[in-house]
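Participant: Before I ask anything, here is the structure I am working with.
Each value in this text was obtained by applying a stated rule to the coordinates, not by laboratory testing. This structure is a prediction, so every number in the text was calculated from the model and none was measured. As a convention, Cβ positions derive from the backbone with ideal geometry for all residues, glycine included, and neighbour counts pool all protein chains shown.
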Amino acid sequence: MKSRPLGALPVVVSEIGLGTAQLANVDGQVHGAKPVPLETARRILGVAIERGVTFFDTGDEYGMAESLLGELPQGIKQAVLIATKAGRKPDGTREFSPAYLQEQVHRSLRRLGVDCLDLFQLNKPSKAALQDGSVFAFLNQLKREGKIRYAGLVVGEEETGFLAIRSGAVDCLQVLYNLLYSKTEDLIAQAHAAGLGVIVRSPLNSGLLAGTYTHATQFSANDERSLYFSGKAFEDRLNVLHRIQAALNVEDRTLLEFALTFILSNPTISVIVPGASSVAQVQRYIACSGRVLLGQLELKQIRDVVAREMTGVAQVFQTQ
């Protein structure tokens, strides 16, 4: 496993991390995520650690995920970086008041079994929630109190990322970026130039770039992908993707590796956090580390093809 610096921070992390949203539903009680047996979830984390993954992304709304990471031996927790997040409430609304965030920090500390959170992220705040600067001041307060080591922000509205960079209070940005959605490249470049770590979420566009979906693929009502991967919209997405694959000569069986290599070929990226519901998926992700990266000419050709095929439809690939 290759490592990369987390921006200008005195931290080095594995270039392939692990998102834990898919490990939320080990008890069948979490809506929006398919059930994953408890022992499978533990094995996924174990294999990831054995194979060199040192960055884990979780959240207060990820069911049992924080608690599963909290089960890890203290020595392992000290050797890896666990990023958590808060701000999205169970009913789907968002809140970023100091009182609410303080309580969520305390809950995450208990579930993770630590005295200080490695990286605490605001989960997609709106521009309005950030404009008066009080949230950024609160993040600095958490650092002074020793409750969090670093602060981050998960970007929803792109402008919030630029506000975070200018604030000086945020150490990392987590952004949506993948083969089919690259409008955040300028934000990524500016974050990197400012010394922030850049974490890439949904590197496989919610699984669309895994090469396994077909027009016959159906998701259960308890899987949030059923909200945007169904009906004509899903067919249109697949048709666009297949045109891109044909133009780039990428088969379904190698699409995942191609998609992850595309992201890793951007040196301003610190870590990508694909999610996994099986050990085989984790092993396949990890095998992408160390692959020959794409050159600038190849990257330009890929971007040109994607831009041509996605003219007028780019927004439909912003799935999260």
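Participant: How far, in nm, would the chain grow between residue 29 and residue 194 when pulled straight, counting 0.36 nm per residue and subtracting the alpha carbon separation?
Facilitator: 55.3 nm
Participant: For labels at residue 284 and residue 145 in the simple 7 Å Cα→Cβ model, what's the distance in nm?
Facilitator: Once both label points are built, they end up 4.3 nm from each other.
Participant: Using 1/(1 + (r/R0)^6) with R0 = 25 angstrom and r between the beta carbons of residue 242 and residue 268, what's the FRET efficiency to the nearest 0.05?
Facilitator: E between residue 242 and residue 268, to the nearest 0.05, is 0.25.
Participant: Calculate the length of the line joining the C-alpha centroid of the range 38-59 to that of the range 137-199, in whole Å.
Facilitator: 24
Participant: In debye, nearest 20: dipole of the chain around its Cα centre with unit charges on the Cβ of K, R (+) and D, E (-)?
Facilitator: 300
Participant: Tell me the Kirkwood hydrodynamic radius of the range 223-264 in angstroms, computed as one over the mean inverse distance between distinct C-alpha pairs.
Facilitator: Result for the range 223-264, one decimal place: 11.5 Å.
Participant: With the crude spin-label approximation of a point 7 Å out along Cα→Cβ, what separation in nm comes out for residue 257 versus residue 67?
Facilitator: Between residue 257 and residue 67, the label points sit 3.9 nm apart.
Participant: What ratio of Cα Rg to 2.2 N^0.38 Å holds for the range 14-149?
Facilitator: 1.06
Participant: When the Debye formula is applied to the Cα atoms of the range 118-195, each taken as the same point scatterer, what base-10 log of I(q)/I(0) results at q = 0.13, 0.14, 0.21 Å⁻¹?
Facilitator: -0.36, -0.42, -0.90
Participant: Modelling each spin label as a point 7 Å along the Cα-to-Cβ direction, I'd like the residue 235/residue 249 distance in nm, to one decimal.
Facilitator: Simple spin-label model gives 3.2 nm for this pair.
Participant: For the chain, build the charge dipole from Cβ charges (+1 Lys, Arg; -1 Asp, Glu) around the Cα centre, then report which of 211, 297, 78 sits farthest towards its positive end.
Facilitator: Towards the positive end, the residue furthest out is 78.
Participant: Still on this structure, please answer the following. Over every pair of different alpha-carbon atoms in the chain, take the mean of 1/r and invert it; report that Kirkwood radius in Å.
Facilitator: 19.9
Participant: Shifting gears a bit: How large is the helix-only mean residue ellipticity at 222 nm for the chain, computed as the sum of -39500 (n - 2.57) over DSSP H runs with n ≥ 4, divided by its residue count, in deg cm²/dmol to the nearest 500? Could you put the intermediate results ahead of the total?
Facilitator: Numbers: 12 runs with 127 residues, N = 320.
Calculated from helices alone, the mean residue ellipticity at 222 nm is -12000 deg cm²/dmol.
Participant: For residue 143, go through the lysines and keep the ones whose alpha-carbon is under 22 Å away, minus same-chain ones fewer than eight residues off.
Facilitator: In chain and number order, the partners are 77, 85, 124.
Participant: Ok, one more. In nm, what is the difference between 0.36 nm times the number of residues separating residue 99 and residue 305 and their Cα-Cα distance?
Facilitator: 69.4 nm
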